[in-house]
Structures are given as structure tokens and as C-alpha cells.
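Participant: Here you go, one structure.
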Amino acid sequence: MAHGTDPTSPADLDTATLLSLAGTVANDAVLSALREKGIELRPAHGYVFQRLLTGEQSITDLAADLGMTQQGASKHVLELERLGLVTRIVSPDDRRARHVRLTDAGREAIAVARAARAAFEERLRHLLGGDVLRATRDALATLLDDEGVSAQIAGREIPWSRRSSAD
């Protein structure tokens, strides 16, 4: 970006802004695909889904994993429960405790989101070409690795603090 100019096109914006806006476009594509199937989610719900993909969790564990209060985690779980995407079940270890588990509808929502991300990836491949997309993916992976996020991705442990402040 040239100094002293007022950016009026994407080509004039700095990389951080472009990455942020591109992330918003990608998230919107996924949320739109979900809405088309009658599933109204917010980006913040994805963090809960990531924790539940590998199995049920207590609200306490979910809150700790997300780096938020139990009240905050409970709010997200209640929203997802009302949508029929998760359910609370009695803990097998402590009958007084409740665990959160994905429902079949929750697993279907995940399948819809994955398909939307695959379609977005294909759109990028068409727009950019395979070589440029591969180079872009490599560059972004290098950035995430440098930030120490690679291990967190592998463990589905992206910290809540890395989410958008709008969630």
C-alpha cells in the first residue's frame, strides 16, 4: 500500500486487512450454506463443535478448553441445544454431572459446513489456479506455524482468544 493514500480497492489494502476480510468471506460462505439448510449458527459455535468432534465433554471441561467461564460455555451449549445440534446427557462417571454430545443433526451441520468449505476451496482453485492456491496455502500454513498454532490445530485446541471479537 502506498503511504499517504486512502485505500479504495482490495489491491490497496495491507495484507493483514486482506486476510481478515478473506476470512470473513470464507466464514460467510459456510454460514450461508448452513442457513440454506435451515441451520442458524454463529462463528463462535464452531469452537464448541471442534471440542465435541472427538467426543462428549462436560461444561466445565468445555469452558476450560475454550478459555471462558462456565456461564459462557453454558450459553453456547444452550443455544446449540435449542437448535437440536447438541444434547446434554448424564455423565457415566458422575450421575450428578452432565456432558454435552453432538446429535445426529449436529453431525449433519458439520457435514454441511465441511462441504461448504470444500466448495469454497474449489472456488479459490478456479479463481487462482492450483499453483497459486497451493502457494497461498503454504504461505498461510507457514504463518500459522510461526505463530505456534500448528500444534493447537492438530489437537483441536485453537484458543478462544483467537476468535473474532464479534463472537
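Participant: Give me the percent of the accessible area of the chain that comes from carbon and sulfur atoms, probe 1.4 Å, all protein chains in place. Don't skip to the answer; put the middle values down first.
Facilitator: Values: 5610 of 10740 Å².
That share works out to 52 percent.
Participant: What is the chain's relative contact order, in percent, from Cα pairs under 8 angstrom and six or more apart in sequence? All intermediate terms of the calculation are to be shown ahead of the outcome.
Facilitator: Details: 141 pairs, mean separation 37.1, N = 167.
This gives 22 percent for the chain.
Participant: If you work out Cα extents along the principal axes in Å from the coordinates, which of (1) 81, 38, 20; (2) 78, 38, 37; (3) 62, 31, 28 do you get?
Facilitator: Evaluating Cα extents along the principal axes in Å on these atoms matches (3).
Participant: Report, to the nearest 10°, how far helix 43-52 tilts away from the longest principal axis of the Cα atoms in the chain, using its own Cα long axis and a range of 0 to 90°.
Facilitator: 50
Participant: Here is a further query. With angles folded into 0 to 90 degrees, how steeply does helix 104-128 sit against the dominant principal axis of the chain? Use alpha carbons for both and round to 10.
Facilitator: Roughly 10 degrees, rounded to the nearest 10.
Participant: Could you work out the per residue convex hull volume over the alpha carbons of segment 38-80, in cubic angstrom? Don't jump to the answer; show the numbers that get you there.
Facilitator: Working: hull volume 3.0 nm³, N = 43.
In segment 38-80, the Cα convex hull volume per residue is 70 Å³.
Participant: Cβ neighbours within 10 Å, averaged per peptide: list 143-152, 18-27 in order, most packed at the top.
Facilitator: Packing order, densest peptide first, comes out as 18-27, 143-152.
Participant: Ok, one more. Can you list the HN-Hα couplings for segment 17-29, worked out from phi with the Karplus curve (6.51, -1.76, 1.60; θ = phi - 60°), rounded to whole Hz and with x for Gly and Pro?
Facilitator: 5, 4, 4, 4, 5, 5, x, 5, 4, 5, 4, 4, 4
Participant: So if a site counts as exposed when it's one of the trypsin sites (Lys or Arg not before Pro), its DSSP state isn't H, G, I, E or B, and it has at most 16 other Cβ atoms within 10 Å, what's the longest stretch of the chain without one? Let's see the in-between values first.
Facilitator: On the way: sites that count: Lys37, Arg95, Arg96, Arg156, Arg163.
Counting only loop sites that pass the neighbour cut-off, the longest clear stretch is 97-155.
Participant: May I ask for the angle, rounded to the nearest 10°, between helix 130-146 and the longest principal axis of the chain, with both axes built from Cα atoms and the value confined to 0 to 90°?
Facilitator: The angle comes out at about 60 degrees.
Participant: Moving on to the next point. Ignoring ligands and nucleic acids, what accessible area does Phe120 show with a 1.4 Å probe (Å², nearest 10)?
Facilitator: Phe120 exposes around 40 Å² with every protein chain in place.
Participant: Return the FRET efficiency for the residue pair Asp131, Ala154: r is the Cβ-Cβ distance, R0 is 25 Å, and the value is rounded to the nearest 0.05.
Facilitator: Details: r = 26 Å, r/R0 = 1.06.
Here the calculated transfer efficiency is 0.40.
Participant: Which value, in Å² and to the nearest 10, is the accessible area of Glu121 when all protein chains are kept and the probe is 1.4 Å?
Facilitator: Its heavy atoms expose roughly 50 Å² to the probe.
Participant: From Cα pairs below 8 angstrom and at least 6 apart in sequence, can you work out the relative contact order of segment 22-109, rounded to a whole percent? If you can, show how the numbers build up before the last one.
Facilitator: Details: 94 pairs, mean separation 22.1, N = 88.
25 percent.
The values are calculated or read from the model by the stated rules, or taken from the named source; none is laboratory data. Keep in mind it's a predicted model, so treat the numbers as computed, not measured. With ideal geometry, Cβ positions are generated from the backbone for all residues, glycine too; neighbour counts draw on all protein chains shown. In case anyone asks, the SASA skips ligands and DNA or RNA and just uses the protein heavy atoms, side chains included. Shrake-Rupley method; radii C 1.70, N 1.55, O 1.52, S 1.80 Å.
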